[in-house]
Amino acid sequence: EAGVTQFPSHSVIEKGQTVTLRCDPISGHDNLYWYRRVMGKEIKFLLHFVKESKQDESGMPNNRFLAERTGGTYSTLKVQPAELEDSGVYFCASSQGRDRLYEQYFGPGTRLTVT
Amino acid sequence: QKEVEQDPGPLSVPEGAIVSLNCTYSNSAFQYFMWYRQYSRKGPELLMYTYSSGNKEDGRFTAQVDKSSKYISLFIRDSQPSDSATYLCAPMNTGFQKLVFGTGTRLLVSP
């Protein structure tokens, strides 16, 4: 069974540009999460989807970040316009239904560098 | 104050040593306590979890939670060079379903 995949693995963009990150969860996992780690800090929660609905977006830093999950399958995270402080590693994770929600499986991450 | 405190290390031990990794937390609502292992340039890998207080053993790994003191531990027996990685504790309040990570402890096991 394939794990969580993320694309691209690395993105370098200039301040003010737009970047879209993609996450494909494990097949059959209704729950999808986005986290990020900025330099020197701990990994922090951004938001949680249950199927196509946003369950919790309390960790989204501001309205420059937009997450979508079309049809309850893959998800995208768009940053527009990107700022220098957005640099970091963005992780996606997925888990099964309510009985296994604590078993979150992470993808390899997308390393975003904003110059 | 951070919700989860973890010594960043690095912690250097010889092969075969018993390793003790620890975290403290402040939120008494945490109910699940996960340990993740992360190799360089990879995503966190779920090692094991504990529900509420108590111990859980899986091979060479033992996870321990003391909710009264808000203290989380991971013990690794007979450590191997392949155990060299960053270990992250990540408790969760099931009401919110989001992991709250510590900074991670970098472990180096020398042959």
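The values are calculated or read from the model by the stated rules, or taken from the named source; none is laboratory data. If you're wondering where the values come from, they're calculated on a predicted model, not measured in any experiment. Cβ coordinates were reconstructed from backbone atoms using ideal geometry, including for glycine residues, and neighbour counts include every protein chain displayed. For accessibility, only protein heavy atoms count, side chains too; no ligands or nucleic acids. Shrake-Rupley method; radii C 1.70, N 1.55, O 1.52, S 1.80 Å.
The table below lists the values:
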{"read-out": "Residue in segment B:41-52 that is loosely packed, with under 13 Cβ neighbours inside 10 Å, under 29 Å from A:H10 (Cβ atoms) and within 14 Å of chain A (Cβ to nearest Cβ) present", "value": "yes"}
{"read-out": "Given (1) open to solvent by less than 60 Å² (accessible area, probe 1.4 Å); (2) within 13 Å of chain A (Cβ to nearest Cβ); (3) within 23 Å of A:V89 (Cα to Cα), number of the condition B:G9 does not satisfy", "value": "(2)"}
{"read-out": "Selected residue (criterion: nearest to the chain's Cα centre (by Cα)) from residues of segment B:70-100 that are of a type outside the set (A, V, I, L, M, F, W, C), crowded, with 19+ Cβ neighbours inside 10 Å and more than 19 Å from B:P10 (Cβ to Cβ)", "value": "B:P91"}
{"read-out": "Of all residues in segment A:72-98 being of a type in the set (S, T, N, Q) and touching a Phe, Trp or Tyr at 6+ places or on another chain (Cβ under 9 Å), the one that is surrounded by the fewest Cβ atoms within 10 Å (Cβ to Cβ)", "value": "A:Q80"}
{"read-out": "Number of positions in segment A:71-107 that are part of a loop (DSSP other than H, G, I, E, B) and more than 14 Å from chain B (Cβ to nearest Cβ)", "value": "7"}
{"read-out": "Segment A:26-45, subset at the interface with chain B (Cβ under 9 Å from one of its Cβ atoms) and within 24 Å of A:G72 (Cβ to Cβ), residue farthest from the chain's Cα centre (by Cα)", "value": "A:N31"}
{"read-out": "Checking A:T18 against (1) open to solvent by less than 30 Å² (accessible area, probe 1.4 Å); (2) closer than 13 Å to A:T76 by Cα, the condition it does not meet", "value": "(1)"}
{"read-out": "Residue match in segment B:73-85 (condition: of a type outside the set (D, E), part of a loop (DSSP other than H, G, I, E, B) and within 14 Å of chain A (Cβ to nearest Cβ))", "value": "no"}
